[in-house]
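Quick notes on the structure that follows.
The values are calculated or read from the model by the stated rules, or taken from the named source; none is laboratory data. Just so it is clear, the model here is predicted, and its values are computed rather than measured. Cβ coordinates were reconstructed from backbone atoms using ideal geometry, including for glycine residues, and neighbour counts include every protein chain displayed. These area figures cover heavy atoms from the full protein model, side chains too; ligands, DNA and RNA do not enter into them. Shrake-Rupley method; radii C 1.70, N 1.55, O 1.52, S 1.80 Å.
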Amino acid sequence: MFLDTEFLKTEEIILKLDHTVEGKDDWLPAYHFKICLPDGTQAGVCDLRIGHNEGVYYGGNIGYGVGEPHRGRHYAGKACLLLFQLAKKHGMDYLYITCNPENTASRKTCEYAGGVLEGVVDVPEDNDMYQRGERKKCIYRFVL
């Protein structure tokens, strides 16, 4: 099920596989990576969820976070571009990345990576994000 990830690197960043999670119930199989610089410094994290379901429509196929000292260099966007390659190897032809409407940095990351904003949608009341207080999500679609 899980594929080799050694190819997920550029001259600027390397995605080092941290762990994988098997799919179970409503949870999709997922890869979890550290976003590292060529010298080994960890700049952030990212993950890729394989497949589609209602949960991933609101939560996204890709998640990311970049540490404060490494922000402003498009590392999250560059990580997404690498993860798109892995998603294609899994036969995916599109995926979603979502963010809160007020998260300007994440919205810029989605635009940098070529996403098309499908809309800002209400999070369903039975979704775990709603239980955490999140009410709306920007839904970006990426054609691979």
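Contact order, relative form, for the stretch 1-60: 25 percent (alpha carbon pairs under 8 Å, 6 or more residues apart, mean separation divided by residue count). Alpha-carbon geometry of the stretch 1-65: the Rg and the Dmax are 12.7, 39 Å, given in that order.
When restricted to Cα atoms, the chain yields an Rg and a Dmax of 14.6, 44 Å, respectively.
The residues of the chain expose on average 55 square angstrom of accessible surface per residue, using a 1.4 Å probe on protein heavy atoms.
Placing pseudo-labels 7 Å out from each Cα toward the beta carbon at HIS19 and TYR112 gives an inter-label distance of 2.8 nm.
The alpha carbon radius of gyration of the stretch 33-97, expressed as a multiple of 2.2 N^0.38 Å, is 1.16. Normalised by the number of residues in the chain, the mean separation of alpha-carbon contacts (under 8 Å, six or more apart) gives a relative contact order of 18 percent.
Quick one: with all protein chains in place, what share of the accessible area of the chain is carbon or sulfur, to the nearest percent (1.4 Å probe)? Answer for the chain: carbon and sulfur cover 48 percent of the accessible area. Under the criterion of Cα pairs below 8 Å and six or more residues apart, the relative contact order for the stretch 32-100 equals 32 percent. Pair-distance distribution P(r) for the stretch 74-114, from all Cα-Cα distances in 5 Å bins starting at 0: 5, 23, 30, 22, 13, 6, 1 percent. Against the chain, whose longest principal axis comes from its Cα atoms, helix 75-89 is set at around 80 degrees.
When the alpha carbon coordinates of the stretch 73-144 are projected onto the principal axes, the ranges are 34, 29, 19 Å, largest first.
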